[in-house]
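S.K.: Got a structure here, written out as structure tokens. Questions coming.
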Amino acid sequence: MKTMCRPLLGATMALGLSTALPTLAQADELTLCWAAWDPANALVELSKDFTAQSGTQMKFEFVPWPNFADRILNELNSGGKLCDLLIGDSQWIGGSAENGYYVKLNDFFDKEGIKMSDFAEAAVNAYSTWPKGTPNYWALPAMGDANAWFYRKDWFSKPEIQAEFKAATGRDLAPPTTWDELLETAKFFNGKEIDGKKVYGAAIFTERASEGITMGATQALYPYGFKYENTTGKYDMDGAVNSEGAVKGLEAYKELYKCCTPPGYTDAYMGETLDAFKSGQAAMAMNWFAFFPGLAKDENVGGDRIGFFVNPKEATAASTLGGQGISVVANTDNMDGALAYIKWFAQPDVQKKWWQLGGYAVHNDVLNDPSFKDSQPFAADFLVAMNQVQDFWQEPSYAILLQAAQKRFHDYVVADQGTAKEALDGLVKDWTEIFEDEGKL
Amino acid sequence: MSVINSDTTILEKEPERAATSRPASLARRIGGLSDRAIAWLFITPTIALLLAINIFPLIWAVRLSFTNYRANRPNAVVESVGLQNYQRVLTDSDIWIAMQTTAHFVFWTIVLQTLIGFSLAYLIDRKFRGHAFWTTVILIPMMLSPAVVGNFWRFLYQPQIGLFNYIVSYVTGVPPSSFEMLGSVSLAPWSIIIVDTWMWTPYVMLICLAGLRSIPDYIYEAAEVDRASAWRQFWSITIPMALPFIMLAVLFRGIENFKMFDMVMLLTGGGPGSTTEVASITLKREAFESWRTGRASAFAIILFVAVFGLANIYVKALNRVKQR
């Protein structure tokens, strides 16, 4: 009887343990949601340190950019429990704060001694606060980013091309510092044969479905003087959105698209512009800083063959903001674990390692380090860009505002419908209607 | 001979025995339930499922269409707005443009698919050597997933490396990179029509082939005796007798293409600009990007009523043709 009981007892214990273990594992597990791109891989690497220190297993849910907003906002709206931590886009913060999707972190920051003044001011304002400009924090700045440019340094360095450029334009061939120069340089390269291959001036964002063309067009609009409002917080858009400068900016973006992009780039975003550049088709291309570490190391176009430059100025210096903050999802079953991750991530040493691995830390200890500017070929440009960033509306209704912009910009730039003035006037009309619906006008 | 006779007797008696014995034994097994009760037992899960996934969402959508509900604002107060959503949808110029785009797409795909599909069916029905093999080959496109087809044709249409542009270039002499099927305002709608026609013509062909095969040979034999020409036989026998099948194919393709989403989304995403934004894409953007759930529900109901109404009129016409 005794001999029969032992195996039975063993089997019962094994069964009990096997059913209990997943419960234990779940309590010590965190799921972090973000977009599927290069920095996400760096975060996986970085988070191994957190697991080693805390014993908490990290799971990651990375969604490709074109579906990122759809997938994650659906998750939040439906009260899903997929994500404990979310590195959400900066524009989501208004809606997520007002709808109670994110945990407000002020008390936690105070308790743990995490100071927002330790992070770059522009990043805190963009990624953490709602309402804007108030000390109400819904995220910790996680990934600084802005739209910038890269170019074929090896082509720009060829003496025969330099001479030809000088003869054609009367100035030395160098990375453009104004939008006029950018257009001139793109036109110069467009259609030229280099290394036996026809090349094009620039690869830019034209994507229709999510946010692509808006993120690209604003890169031209901001430097030309586009503003969202005449007075901050008043939603008085007429004369700001459709100002004379804004019209010129949109015309410049269309001119760049029409003259100098490779054929077939009518619906191009991050992946497509990278492809155009890596395949040796484009002399210049725009994209987010997040991709620059990978580009700098690329076998075919990286190293000495690539250079970087911050968005050219025109009437003013400005760059389109990217980047995200990390938030705790209010619906999480592991609040303590999620907050522990935020506390760990905010440490200066972790932030330094984050930058070394390819993430864009915006902690002042990282940015103010004397060696920072030389740590990567694009680091100095990153500092400049982060000091001149402008973001799209961060209102709770940002998704509708964005869709209106996507339609107006794509209709004008790619589909050749109407004039820039008509497109921007239409945008004022669309946005006015949206804010009226919201009761803000 | 006697064996055949005895088999015939058994076969003749079988349905009678089946009709009398099976329900009784089944009822005994299920504890003396009546036939009606057993019938309800079998169909209740299906009805419950239909109510849960078809009827309830429909009723819910009707309810939402009269409110200002937004799925991304769970904490906001939901207020009744009367007919405002319907009024806004029906007066929105962008939605009318999307409806025109949809109508253009539906019309041309149906015209092309019916013409090509019927022609192919007519050829296949001739039963030439290897016709079974060619039937299978022709059917391949409709067996593919729309997602695969969409991505596949994106590459074919690529101006620099796409096979389609090279074929056009080879035939016409126009440089392949000089035109963009998906990026040009004038060509993009046709690029989608071409892909849909390529994919779904076999389906129309299959239905038409069933129609052609259902025409009894003796009718043609009688026409031959009457010395009717091939042309006369085609117009007086083939077309009238295959017409109900053709109309059925048109109905199926019309309904499918009215709500076409996947292929258009994959090929052009509604672009360039809004050139290929069909009604289903506008609806998706309204519901899941702009999050105007109430207005999107009103739009969905309008689309449903339009398709349902048109389909009903069409089915009545179809019945009239069948009765002729």
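S.K.: Highest GNM mean-square fluctuation, chain B, Cα pairs closer than 10 Å: which of B:PRO146, B:PRO189, B:PRO57?
M.R.: Per the Cα network of chain B with a 10 Å cutoff, B:PRO57 tops the list.
S.K.: Quick one: dipole size for segment A:387-441, taken about the Cα centre, charges +1 on Lys/Arg Cβ and -1 on Asp/Glu Cβ, in debye to the nearest 20.
M.R.: On the way: 5 positive and 11 negative charges, 28 e Å.
Computed about the Cα centre, the dipole is about 140 debye.
S.K.: Please give me, ordered by residue number, the trypsin sites (Lys or Arg not before Pro) of segment A:202-240 that lie in loop per DSSP and have at most 15 other Cβ atoms within 10 Å.
M.R.: Numbers: sites: A:ARG208, A:LYS227, A:LYS234; in loops: A:ARG208, A:LYS227, A:LYS234.
The qualifying sites are A:LYS234.
S.K.: Follow-up. Would you please classify the overall shape of segment A:180-324 from the alpha carbon gyration tensor, given that a ≥ b ≥ c denote the square roots of the eigenvalues, rounded means a/c under 1.5, and beyond that prolate means a/b larger than b/c while oblate covers the rest? Don't skip to the answer; put the middle values down first.
M.R.: Numbers: a/c = 2.14, a/b = 1.73, b/c = 1.24.
Here segment A:180-324 falls in the prolate category.
S.K.: Could you run the Karplus curve 6.51 cos²θ - 1.76 cosθ + 1.60 with θ = phi - 60° over segment A:424-441 and give me ³J(HN,Hα) per residue in whole Hz, x for Gly and Pro?
M.R.: 6, 4, x, 5, 4, 5, 4, 5, 4, 4, 5, 6, 5, 4, 6, x, 9, 10
S.K.: Follow-up question, since we're still on this one. Of A:PRO39, A:SER279, B:ALA188, which is farthest on the positive side of the dipole of the protein assembly as shown, counting Cα position, with +1 on Lys and Arg Cβ, -1 on Asp and Glu Cβ, and the Cα centre as origin?
M.R.: B:ALA188
S.K.: When a footprinting reagent is the concern and you count Cβ atoms within 10 Å, what order do A:GLU433, A:GLU395 take, fewest first? Show your work: numbers first, answer last.
M.R.: Working: A:GLU433 14, A:GLU395 24.
By the 10 Å Cβ count, ascending: A:GLU433, A:GLU395.
S.K.: Something else: Quick one: which residues, 5 or more positions from A:ILE194 or on another chain, have an amide H under 5 Å from its amide H? H modelled 1.01 Å from N in the peptide plane, none for Pro or chain starts.
M.R.: A:VAL199
S.K.: What do you get for Rg/Rh of chain A when both radii come from the Cα atoms and Rh is the Kirkwood radius?
M.R.: Numbers: Rg = 24.3 Å, Rh = 23.3 Å.
Ratio of gyration radius to Kirkwood radius for chain A: 1.04.
S.K.: To continue, here is another question. Using the Cα gyration tensor of segment B:228-323, with a ≥ b ≥ c the square roots of its eigenvalues, what is the shape: rounded (a/c below 1.5), prolate (a/b larger than b/c) or oblate (neither)?
M.R.: Details: a/c = 5.30, a/b = 2.17, b/c = 2.44.
Oblate is the answer for segment B:228-323, as a/c is 1.5 or above yet b/c matches or exceeds a/b.
S.K.: Separate question: Looking only at other chains, what is the average number of their beta-carbon atoms within 10 angstrom of each beta-carbon in B:284-292? Working shown, then result.
M.R.: Working: counts 1, 6, 2, 0, 6, 10, 8, 8, 5.
Per-residue shielding by partner chains comes out at 5.
S.K.: Would you grab the residues whose amide H sits under 5 Å from the one on A:ALA268? Only those 5+ places off in sequence or on another chain, please, with H modelled 1.01 Å from N.
M.R.: Under 5 Å from the amide H of A:ALA268: A:THR206, A:GLU207.
S.K.: Now, a different point. Which GluC sites (Glu not before Pro) does segment A:51-141 hold that lie in a coil by DSSP with at most 12 other beta carbons within 10 Å?
M.R.: Listed in order of number, the matching sites amount to none.
S.K.: Over the whole of B:270-282, what's the average partner chain Cβ count within 10 Å per residue? Rounded to a whole number, please. Walk me through the numbers on the way to the answer.
M.R.: Numbers: counts 6, 13, 11, 15, 8, 5, 0, 2, 0, 0, 0, 1, 0.
Mean shielding count: 5.
S.K.: Averaging over every viewing direction, what projected area does the convex hull of the Cα atoms of segment A:120-263 cover, in nm²? Kindly include the intermediate steps, with their values, before the conclusion.
M.R.: Values: hull surface 45.9 nm².
Over all viewing directions, segment A:120-263 projects a mean Cα-hull area of 11.5 nm².
S.K.: Using Cα pairs under 8 angstrom and six or more residues apart, how large is the relative contact order of chain B, in percent?
M.R.: 26
S.K.: I'd like the mean, over residues of B:179-187, of how many other protein chain beta carbons sit within 10 Å of each residue's own Cβ. Write down the numbers at each step before the final one.
M.R.: Working: counts 1, 4, 1, 3, 9, 4, 5, 0, 0.
Shielding by partners across B:179-187 averages 3.
S.K.: Picking from B:PHE252, B:GLN158, B:VAL204, whose Cα lies most toward the positive end of the charge dipole for segment B:151-263 (charges on Cβ: Lys, Arg +1; Asp, Glu -1)?
M.R.: The one lying farthest along the dipole's positive direction is B:GLN158.
S.K.: With angles folded into 0 to 90 degrees, how steeply does helix A:179-189 sit against the dominant principal axis of chain A? Use alpha carbons for both and round to 10.
M.R.: 80
S.K.: In addition: Over chain A, what is the relative contact order in percent, taking alpha-carbon pairs closer than 8 angstrom and at least six residues apart? Before the final figure, lay out the partial values.
M.R.: Values: 769 pairs, mean separation 105.8, N = 441.
It rounds to 24 percent for chain A.
S.K.: Moving on. Using Cα centres only, tell me the gap between segment B:50-98 and segment B:146-162 in whole Å.
M.R.: First find each Cα centre; the distance between them is then 36 Å.
S.K.: Over what distance in Å are the Cα centres of segment B:201-280 and segment A:225-300 separated?
M.R.: 46
S.K.: A further question follows. Quick one: B:TRP108, B:TRP200, B:TRP235, fewest Cβ neighbours within 10 Å first, how do they rank?
M.R.: Exposure proxy ranking, most exposed first: B:TRP235, B:TRP108, B:TRP200.
S.K.: Rank-order B:192-198, B:221-227 by packing density, defined as the average count of other C-beta atoms within 10 Å over each peptide's residues, highest first. Can you show the working numbers first?
M.R.: Numbers: B:192-198: 22.3, B:221-227: 10.4.
Result, highest mean Cβ count within 10 Å first: B:192-198, B:221-227.
S.K.: Per residue of segment A:395-409, in order, report the coupling 6.51 cos²θ - 1.76 cosθ + 1.60 (Karplus, θ = phi - 60°) as ³J(HN,Hα) in whole Hz, putting x for Gly and Pro.
M.R.: Ordered by residue, 3J(HN,Hα) equals 5, x, 8, 4, 4, 6, 4, 5, 4, 5, 5, 4, 5, 4, 5 Hz.
S.K.: In angstroms, what radius of gyration and Dmax does segment B:85-323 have, counting Cα atoms only?
M.R.: 20.9, 68
S.K.: Farthest toward the dipole's positive end in the protein assembly as shown, which of B:PHE107, B:ALA287, B:ILE219, given Cβ charges of +1 (Lys, Arg) and -1 (Asp, Glu) about the Cα centre?
M.R.: In the protein assembly as shown, that residue is B:ILE219.
S.K.: Which links in A:LYS254/B:LYS284; A:LYS313/A:LYS373; A:LYS81/A:LYS313; A:LYS132/A:LYS353 stretch past 32 Å when you go from one Cα to the other? All intermediate terms of the calculation are to be shown ahead of the outcome.
M.R.: Values: A:LYS254/B:LYS284 28 Å; A:LYS313/A:LYS373 21 Å; A:LYS81/A:LYS313 44 Å; A:LYS132/A:LYS353 29 Å.
Long pairs (Cα-Cα over 32 Å): A:LYS81/A:LYS313.
S.K.: Quick check: convex hull over the Cα atoms of segment A:50-150, volume per residue in Å³, rounded to an integer?
M.R.: Working: hull volume 15.3 nm³, N = 101.
Value for segment A:50-150: 151 Å³ per residue.
S.K.: A further question on this structure: Please report the orientation-averaged projected area of the protein assembly as shown, defined via the convex hull of its C-alpha atoms, in nm². All intermediate terms of the calculation are to be shown ahead of the outcome.
M.R.: Numbers: hull surface 207.3 nm².
Its Cα hull, projected and averaged over all orientations, spans 51.8 nm².
S.K.: Using a 10 Å cut-off around each Cβ, can you sort B:THR268, A:THR185 from fewest to most neighbouring Cβ atoms? Walk me through the numbers before you get to the answer.
M.R.: Details: B:THR268 28, A:THR185 25.
Going from sparsest to densest Cβ surroundings: A:THR185, B:THR268.
S.K.: I've got another one for you. Each residue of segment B:203-219 in turn: what ³J(HN,Hα) in whole Hz from Karplus with 6.51, -1.76, 1.60 and θ = phi - 60°, glycine and Pro shown as x?
M.R.: Working through the residues one at a time gives 5, 5, 4, 4, 5, 5, 4, 4, x, 5, 6, 7, 7, x, 4, 5, 5 Hz.
S.K.: Rounded to the nearest 20 Debye, what is the dipole magnitude of chain A about its Cα centre when Lys and Arg each give +1 and Asp and Glu each give -1 at the C-beta? Please report the intermediate quantities before stating the final value.
M.R.: On the way: 38 positive and 59 negative charges, 181 e Å.
Roughly 860 debye, rounded to the nearest 20.
S.K.: What GluC sites (Glu not before Pro) in segment A:133-187 are in a loop by DSSP, with at most 13 other Cβ atoms within 10 Å of the Cβ? Each step should come with its number before you reach the end.
M.R.: Numbers: sites: A:GLU160, A:GLU164, A:GLU181, A:GLU184; in loops: none.
Within segment A:133-187, no GluC sites (Glu not before Pro) qualify (loop, at most 13 other Cβ atoms within 10 Å).
Every number in this text was worked out from the coordinates using simple rules, so none of it is lab data. Quick caveat, the model's predicted, so the values are computed rather than measured. Cβ coordinates were reconstructed from backbone atoms using ideal geometry, including for glycine residues, and neighbour counts include every protein chain displayed.
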